[in-house]
Amino acid sequence: MYDVIVVGARCAGSPVAMLLARQGHRVLVVDRSSFPSDTVSTHYIHQAGLLKLQEWGLLDEIIDAKTPALRKMHYAYRGVELNGFADAVDGVDAVYCPRRTVLDEILVNAARRAGAEVVEGFTVSDLVRSDDRVVGIRGRTGDGPEQEFRATVVIGADGFHSTVAKKVGADLYNVRPAAGFIYYSYYSGLDWGLHHKVGLNEQWFGSWPTNDGLTMLAIIGSRRHLKDFRQDVENRFQAVFDDVSPDMGEQLRDAGRREEDFRPMRYPDNYYRRAHGPGWALVGDAGYHKDPYTGWGITDAFLHGELLADRVHQGLAGERPMEEALAEYNKVRDEESAGVYDFTTTLSELTELPPFFKATMSAMSTSQEWTNKMLGLIAGVVADHEIYAPDALERLYDDAGVPQDQRIYDPMA
């Protein structure tokens with residue numbers, strides 16, 4: 001009998017398991033994959049996520065894996081450019097974009113070191129119930145015999161196709177249609193650094209250096225163009241760079257060498273799922289998913305994983321009823337992610353910026369201080385009121401010399 005079973009051992013599941021095991025709880029983690037192994041991902045870890053890795057004692061392992069430190073961001077959205085970097089917080093003065101073969105193995109090994117039992121290659125087929133409460137899982141390792149494990153709480157950290165979410169019938173809410181699709185791969189021969197650029201034709205590309213001397217290049221296109229894009233991926237991928245930044249498109253054609261196959265990512269609609277019930281909880285993409293445009297998936301997995309581990313511990317330690325603790329986790333998760341969810345789903349349309357965002361971001365682009373502050377907001381280390389509170393907006397517009405009749409204060413304008 002375990003205290004907790006975690007289904008899924010990647011960037012949401014392993015931190016939950018590690019943190020609960022460090023609290024002395026008996027934890028089992030199962031995953032259908034073996035590690036190290038790859039999975040589709042944006043790779044990007046914002047400073048807010050890196051602060052968690054540092055707190056957990058794992059950031060040095062990311063650095064020791066020779067993951068490049070990125071200390072300047074080039075952000076452009078349909079003519080508005082922000083070039084700079086967020087101020088350092090607690091010594092974290094860079095961002096990192098590790099391959100998932102690197103990151104996930106570090107996280108799984110950390111869970112093991114903490115005392116969690118990890119079973120790789122295990123596929124969950126069903127949940128075990130008693131009196132309408134989830135009390136365990138059923139499945140098998142490879143082609144082996146079916147096994148059953150029991151626990152006080154079963155946590156689904158198994159992605160947006162979550163078996164746990166499906167088996168408990170977790171309700172979806174605040175669903176917003178997916179706007180685009182992604183293709184990405186890894187290139188040598190480029191020294192671009194970190195770029196995040198939206199062009200005038202509803203197209204985006206990103207570049208970020210990762211492990212093994214490679215640069216990950218990705219494009220986002222409007223969902224309605226996916227069928228045509230699939231017909232000629234190589235040339236249409238190149239065409240996005242040519243359209244958004246002709247100079248970089250030329251450099252890609254002349255110097256870039258693709259080292260791996262293209263990875264497509266046709267992600268689902270944006271959603272929240274009810275994240276708790278009798279004997280179960282959801283974390284990561286199993287419970288909350290948004291467009292990859294802002295690269296917040298891994299960071300949110302860390303933040304929400306810690307939040308869930310804290311509330312589960314409270315329930316297991318008898319500090320409060322488990323159902324109350326899990327309900328609070330669901331509530332706080334929703335409240336703390338609402339701003340990023342709105343920002344992401346708005347900008348992921350890749351269309352003209354709403355007037356409020358265009359006015360404020362254009363003003364920020366005139367000042368390095370405000371540029372860095374906005375990039376800090378995107379990185380999760382600057383509170384939104386530091387930019388969007390009325391007095392802050394007034395200072396922003398004053399610093400940028402924006403005429404009174406062009407100042408917009410209402411995000412709904």
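The values are calculated or read from the model by the stated rules, or taken from the named source; none is laboratory data. Because the structure is a prediction, the values reported are computed rather than measured. Glycine also receives a Cβ, built like all others from the backbone with ideal geometry; neighbour counts cover every protein chain displayed.
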For this session: Select from segment 182-203 the residues that are of a type in the set (D, E) and either in contact (Cβ under 8 Å) with a residue 40 or more places away in the chain or touching a Lys or Arg at 6+ places or on another chain (Cβ under 7 Å) (or both) and list them in ascending order.
Result: E202
Seminar exercise, completed: Per the filter on segment 294-340, residues within 16 Å of the chain's Cα centre (by Cα), at pLDDT 95 or above and either among the polar types (S, T, N, Q) or in the same structural domain as G221 (by TED's automatic domain parsing) (or both) are T299, S337
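Quick grid of which residues meet (1) modelled with pLDDT of 95 or more; (2) among the β-branched types (V, I, T); (3) within 22 Å of the chain's Cα centre (by Cα); (4) surrounded by 15 or more Cβ atoms within 10 Å (Cβ to Cβ):
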| position | (1), (2), (3), (4) |
| --- | --- |
| F205 | yes, no, yes, yes |
| N211 | yes, no, yes, yes |
| L214 | yes, no, yes, yes |
| L217 | yes, no, yes, yes |
| K227 | no, no, no, no |
| E234 | yes, no, no, no |
| M248 | yes, no, no, yes |
| D254 | yes, no, no, no |
| E259 | yes, no, no, no |
For this session: Considering only segment 116-136, state which residues are in contact with a helix residue (DSSP H, G or I) (Cβ under 6 Å, 6 or more places away or on another chain) and not in a strand (DSSP E or B).
Result: A116
Problem set entry | D261 in contact (Cβ under 8 Å) with a residue 60 or more places away in the chain and either out of contact with any His (no Cβ under 8 Å at 6 or more places or on another chain) or not assigned by TED's automatic domain parsing to the domain that holds Y329 (or both) | yes
For this session: Consider only pairs whose beta carbons are under 9 Å apart and that are at least six residues apart or on different chains; among these, list those whose first residue lies in segment 298-325 and is in contact (Cβ under 8 Å) with a residue 24 or more places away in the chain and whose second residue is assigned to a helix (DSSP H, G or I) and aromatic (F, W, Y).
Result: H304/Y329; L307/Y329; L308/Y329; D310/Y329; V312/Y329
Exercise. Within segment 37-52, is even one residue under 21 Å from the mean Cα position of the chain (by Cα), crowded, with 24+ Cβ neighbours inside 10 Å and polar (S, T, N, Q)?
Worked result: yes
For this session: Looking for whichever is assigned by TED's automatic domain parsing to the domain that holds G279, out of contact with any His (no Cβ under 9 Å at 6 or more places or on another chain) and surrounded by fewer than 20 Cβ atoms within 10 Å (Cβ to Cβ) here; the options are V153, V119. Which one fits?
Result: V119
Seminar exercise, completed: Apart from one, (1) aliphatic (A, V, I, L, M); (2) buried (at least 18 other Cβ atoms within 10 Å of the Cβ); (3) modelled with pLDDT of 95 or more all hold for A178; the odd one out is (3)
Exercise. Counting just the residues of segment 392-413 that are hydrophobic (A, V, I, L, M, F, W, C) and touching a residue at least 40 places away in the same chain (Cβ under 8 Å), which one comes out surrounded by the fewest Cβ atoms within 10 Å (Cβ to Cβ)?
Worked result: M412
